[in-house]
């Protein structure tokens, strides 16, 4: 496997938006309102991730984009906390360890940027991703933190960085 993990580029916008939205269809997610599916920033991830203390990583193999994962300083999160966001893989990339690579890259970057905690929001339909979060040491929360605007999510987790 010759997968490279790199920062996102402007020309990645279209394919990343397709991968994000295809994931909802692949996992039969019915509720798309209040999720990244209907979030207008999904179509312009490059500019979204020009925000200070944010990063979006892309997995690529032989010029083919396989997925992405990022960290973002979501409004109203504690100062020492970033949100894990936009963690989506194409159907062809799933089950090959690529998601783990992307996630680990984000956790390392969060530490480099001085964050102490990584927060995330998800839904039960994305159980494969949730199992990756559990393996990486994320713990469940009873309610959301910050103001992501994603009211359609009903799983909240946090990881304290070492």
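If you go through region 26-41 and keep only what is farther than 20 Å from residue 98 by Cβ and surrounded by 14 or more Cβ atoms within 10 Å (Cβ to Cβ), you end up with 29, 31, 32, 34, 35, 37, 38, 39, 41. Of everything in region 65-90 that's farther than 20 Å from residue 138 by Cβ and at pLDDT 95 or above, which residue is farthest from the chain's Cα centre (by Cα)? Among residues in region 65-90 that are farther than 20 Å from residue 138 by Cβ and at pLDDT 95 or above, the one farthest from the chain's Cα centre (by Cα) is 65. Is it true that residue 99 is at pLDDT below 95, surrounded by fewer than 15 Cβ atoms within 10 Å (Cβ to Cβ) and either touching a strand residue (DSSP E or B) at 6+ places or on another chain (Cβ under 6 Å) or part of a loop (DSSP other than H, G, I, E, B) (or both)? Criteria not met by residue 99. If the condition is being in contact with a helix residue (DSSP H, G or I) (Cβ under 7 Å, 6 or more places away or on another chain) and surrounded by 17 or more Cβ atoms within 10 Å (Cβ to Cβ), then region 6-25 contributes 8, 12, 13, 16, 17, 20. Just one of the numbered conditions (1) at pLDDT below 95; (2) within 16 Å of residue 70 (Cβ to Cβ) is not true of residue 16: (1). Counting only strands (runs of 3 or more DSSP E) that sit wholly inside region 26-95, those with at least 2 residues that are touching a residue at least 24 places away in the same chain (Cβ under 8 Å), touching a helix residue (DSSP H, G or I) at 6+ places or on another chain (Cβ under 9 Å) and closer than 19 Å to residue 154 by Cβ are 81-89. Among the candidates 114, 99, the residue that is over 20 Å from residue 143 (Cβ atoms) and over 13 Å from the mean Cα position of the chain (by Cα) is uniquely 114.
Scanning region 117-141 for residues that are surrounded by 15 or more Cβ atoms within 10 Å (Cβ to Cβ) and in contact with a strand residue (DSSP E or B) (Cβ under 8 Å, 6 or more places away or on another chain) yields a count of 12.
Of all residues in region 108-139, how many are outside any helix (DSSP H, G or I) and farther than 23 Å from residue 80 by Cα? Within region 108-139, residues that are outside any helix (DSSP H, G or I) and farther than 23 Å from residue 80 by Cα number 1.
The residues of region 142-162 that are outside any loop (DSSP other than H, G, I, E, B) and either buried (at least 17 other Cβ atoms within 10 Å of the Cβ) or at pLDDT below 95 (or both), listed by number, are 155, 156, 157, 158, 159.
The values are calculated or read from the model by the stated rules, or taken from the named source; none is laboratory data. Because the structure is predicted, anything quoted here is derived from the model rather than measured. Cβ coordinates were reconstructed from backbone atoms using ideal geometry, including for glycine residues, and neighbour counts include every protein chain displayed.
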